[in-house]
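The values are calculated or read from the model by the stated rules, or taken from the named source; none is laboratory data. The structure displayed is predicted, hence computed values, not measured ones. Glycine gets a Cβ as well: all are built from the backbone with ideal geometry, and neighbour counts include every protein chain shown. We work out accessible area using only protein heavy atoms, side chains counted, and drop any ligands, DNA or RNA first. Shrake-Rupley method; radii C 1.70, N 1.55, O 1.52, S 1.80 Å.
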Amino acid sequence: MSKDSWLLSHYHGELLDASAILVFIDSFCQNLGLESVEVDQAALVKVKDHIRKHEDTITSLFKLLGHFVCAFSEFKPLKTAFSKKAISEELCSIENHQNAILAFELCRHALSDACFRFKDNEETLKVSDLSLSRSYYIDLIKVLSDVDTKRSPFAVALIFESLVYSQPLIIERTGNAFTIDSNQRHS
């Protein structure tokens, strides 16, 4: 598949827009029942600066999400840990869980209903909901809570790419939609 440049530039802009990130943080935390969380604005600027610094290596949406998650986890803009009432005790025990969870959920939201075009532009892959088991989610948050911007962005990009391609896919071809089996992927 070729990069869908509109999709990449659209999400690139969204992930560099501090106000959009703050709106997502507020909405996500309200849904968890959290009344307020402390956000370090300077850390958000560092996240944006990291993505800008590496724009030349960000050639796909997955790499963009990898860089975003790593920068968010490393620079820790969310200073308030989530409570046991809001998330499980197991997730609460993970250091930096709030930044890993929020960065992952923002990227998961970005990927929901995303569309990718195949090289011939006759087929479009539409991502459905990225469903995860409880144990996978906990292990993923453990991994994402300890990533950094130097050694981890491409590994995190591979995680997102694997998550997308492990889901049932919707392929639209000239107006007709159908689901393909996970074992019948195109490259």
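For segment 102-115, indicate whether the set of residues that are exposed (fewer than 13 other Cβ atoms within 10 Å of the Cβ) and under 12 Å from the mean Cα position of the chain (by Cα) is non-empty.
Yes, segment 102-115 contains at least one residue that is exposed (fewer than 13 other Cβ atoms within 10 Å of the Cβ) and under 12 Å from the mean Cα position of the chain (by Cα).
Report whether or not Leu144 is in contact with a Leu (Cβ under 9 Å, 6 or more places away or on another chain) and either modelled with pLDDT under 50 or at negative phi (or both).
no
Report, by residue number, each residue of segment 154-172 that is modelled with pLDDT under 90 and either surrounded by fewer than 12 Cβ atoms within 10 Å (Cβ to Cβ) or under 14 Å from the mean Cα position of the chain (by Cα) (or both).
Let us first name the residues in segment 154-172 that are modelled with pLDDT under 90, namely 160-172.
The answer is Phe160, Glu161, Ser162, Leu163, Val164.
To keep it simple, each residue is scored yes or no on (1) modelled with pLDDT under 90; (2) hydrophobic (A, V, I, L, M, F, W, C).
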{"site": "Trp6", "(1), (2)": "yes, yes"}
{"site": "Leu16", "(1), (2)": "yes, yes"}
{"site": "Phe28", "(1), (2)": "yes, yes"}
{"site": "Asp40", "(1), (2)": "no, no"}
{"site": "Lys48", "(1), (2)": "yes, no"}
{"site": "Glu55", "(1), (2)": "yes, no"}
{"site": "Lys76", "(1), (2)": "no, no"}
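Based on this model, can you work out whether Phe62 counts as at pLDDT 90 or above, under 16 Å from the mean Cα position of the chain (by Cα) and open to solvent by less than 20 Å² (accessible area, probe 1.4 Å)?
Working: at pLDDT 90 or above: no; under 16 Å from the mean Cα position of the chain (by Cα): yes; open to solvent by less than 20 Å² (accessible area, probe 1.4 Å): yes.
So Phe62 fails the test.
So which residues in segment 65-85 are open to solvent by 20 Å² or more (accessible area, probe 1.4 Å) and on the phi < 0 side of the Ramachandran plot, if there are any at all?
Residues satisfying the conditions are Glu74, Phe75, Lys79, Thr80, Ala81, Ser83, Lys84, Lys85.
Take the residues in segment 78-91 that are basic (Lys, Arg) and modelled with pLDDT under 90, then tell me which one is nearest to Lys142 (Cα to Cα). Can you show your working first?
At the first step, the residues of segment 78-91 found to be basic (Lys, Arg) are 79, 84-85.
Then drop every residue that is not modelled with pLDDT under 90, which leaves 84-85.
Values: Lys84: 16, Lys85: 19 Å.
Per the stated criteria, the residue is Lys84.
Sort out which residues of segment 44-56 are open to solvent by 60 Å² or more (accessible area, probe 1.4 Å) and over 21 Å from Phe24 (Cα atoms), and write them in order of number.
Lys53, Glu55, Asp56, listed by residue number.
Here is a yes/no grid of residues against (1) of a type in the set (A, V, I, L, M, F, W, C); (2) under 20 Å from Ser131 (Cα atoms); (3) touching a strand residue (DSSP E or B) at 6+ places or on another chain (Cβ under 6 Å):
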residue	(1), (2), (3)
Ser36	no, no, no
Val45	yes, no, no
Asp49	no, no, no
Ser73	no, no, no
Ala81	yes, no, no
Glu89	no, no, no
Cys92	yes, no, no
Gln98	no, yes, yes
Arg108	no, yes, no
